[in-house]
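What follows is calculated from the coordinates using simple rules that are stated; it is not laboratory data. Because the structure is predicted, anything quoted here is derived from the model rather than measured. Cβ placement follows ideal geometry from the backbone for every residue including glycine, while neighbour counts extend to all protein chains displayed.
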Amino acid sequence: MGMNEMIQFFRQISGRLSSNIYAGVQGQTNMQNISFIRHLQKEMKENNCLDTPLQDLEVVVFDLETTGFYPEKGDRVISIGAIKMKGCQIVKTETFYSLVHSPYPISVEITALTNICNEDLHLAPTASDVLIDFFKFVKYHPLVAHHARHEQSFIQKLTWDVLKTRFEHRIIDTSFLMRLSNPIIRSIPLEEACEQCGIEVINRHHALEDAKLTAHVWGNYLGLAQSLGYKNLREVYEYLAKIK
């Protein structure tokens, strides 16, 4: 058994024996970070985005690059990208991007897909530092993602493993607004969503660039919601609940 094979073997064993796939790489969760998270959770409870006029709605559109699809089986986050929006407008100067440190090697397939290599991850900030910086960027705003279930499962796992607290931000899937034009739509690739909106697809499988593409998709359908007369997300939720 070669060195890489041994590493992969012990990684698989570790994934079965320990639920914390970021163990040993997250650094220390200090009291200042704990206080920040508690304050953030309080702010989220006090700020209800459902009744905010759509033109004033502030969201953070984000994307994760991961080593696979199953966080509970050892797959992990290797980069986070995000961009802010107000209404349909993308705030181009308000972006977030970071690689996430990992002591474990990633596959050649993931490197080919994302252009992220093992050396990049070895030199990257720890998971806890990246996550705290990400929360400071997001603040109490709701999050938007394409195929949000994937992002949600990984960010929940990451938050619990490194901060020992539950992830409580609201995450809205782009398909939520897309159902206004196609009520039976469930999940389509980001490329297809962009094509339907006339958005040029560039730099796929880079967390920040995918977040920007997703932001364009969200902005397109938020504009549609406004043109159809919806004033806030609550009205959209109530309409979609009726047509299920």
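Stretching S107 away from W160 to a fully extended chain increases their span by 16.6 nm, per 0.36 nm per residue minus the current alpha-carbon distance.
Considering only A112, I90, L158, the residue lying farthest towards the positive end of the dipole of the chain is L158, judged by Cα position with unit charges set on Cβ. The slack in the chain from H122 to N47, taken as 0.36 nm per residue of separation less the alpha-carbon distance, amounts to 23.2 nm. Rounded to the nearest 20 debye, the dipole magnitude of region 145-194 is 240 debye, with +1 charges on Lys and Arg beta carbons, -1 on Asp and Glu beta carbons, and the Cα centre as origin. Based on the Cβ-Cβ distance of Y70 and S187, what FRET efficiency does E = 1/(1 + (r/R0)^6) give at R0 = 30 Å, to the nearest 0.05? After rounding, the FRET efficiency stands at 0.95. Positive end of the dipole of the chain (Cβ unit charges, origin at the Cα centre): among H141, G223, H206, the Cα lying farthest that way belongs to H141.
Please go through the residue pairs K73/K157; K42/K136; K92/K139; K45/K164; K45/K212; K92/K231 and name each one whose alpha carbons sit more than 22 Å apart in this structure. If you can, show how the numbers build up before the last one.
On the way: K73/K157 11 Å; K42/K136 14 Å; K92/K139 17 Å; K45/K164 19 Å; K45/K212 27 Å; K92/K231 25 Å.
Among K73/K157; K42/K136; K92/K139; K45/K164; K45/K212; K92/K231, the Cα-Cα distance tops 22 Å for K45/K212; K92/K231.
Compared with the direct C-alpha span, the chain from E235 to E94 gains 47.9 nm at full extension, assuming 0.36 nm per residue. Working from label points 7 Å from Cα in the Cα-to-Cβ sense, the H205 to R149 distance is 2.3 nm. Around the Cα centre of the chain, unit charges on the Cβ atoms of Lys, Arg, Asp and Glu (plus for the first two, minus for the last two) sum to a dipole of about 840 debye. The overall shape of region 77-117 is prolate: from the C-alpha gyration tensor, with semi-axes ordered a ≥ b ≥ c, the ratio a/c is 1.5 or greater and a/b exceeds b/c. What you get for region 102-244, charging only the Cβ of Lys and Arg (+1) and of Asp and Glu (-1), is a dipole of about 840 debye around the Cα centre.
Note on region 127-185 and region 38-54: Cα centroid distance 15 Å, given to the nearest whole angstrom.
Candidate membrane-span-like segments in the chain, meaning DSSP H helices with Cα atoms spread over at least 15 Å of their own axis and a Kyte-Doolittle mean of 0.0 or above, are 127-138, 207-227, with no membrane implied. Annotation note: GluC sites (Glu not before Pro) in region 168-244 located in DSSP loop regions with a Cβ neighbour count of at most 15 within 10 Å are E168, E200. Taking all Cα pairs closer than 8 Å and separated by 6 or more residues, the relative contact order of the chain comes to 25 percent.
For the chain, the average shadow cast by the Cα convex hull is 14.0 nm², which is a quarter of the hull's surface.
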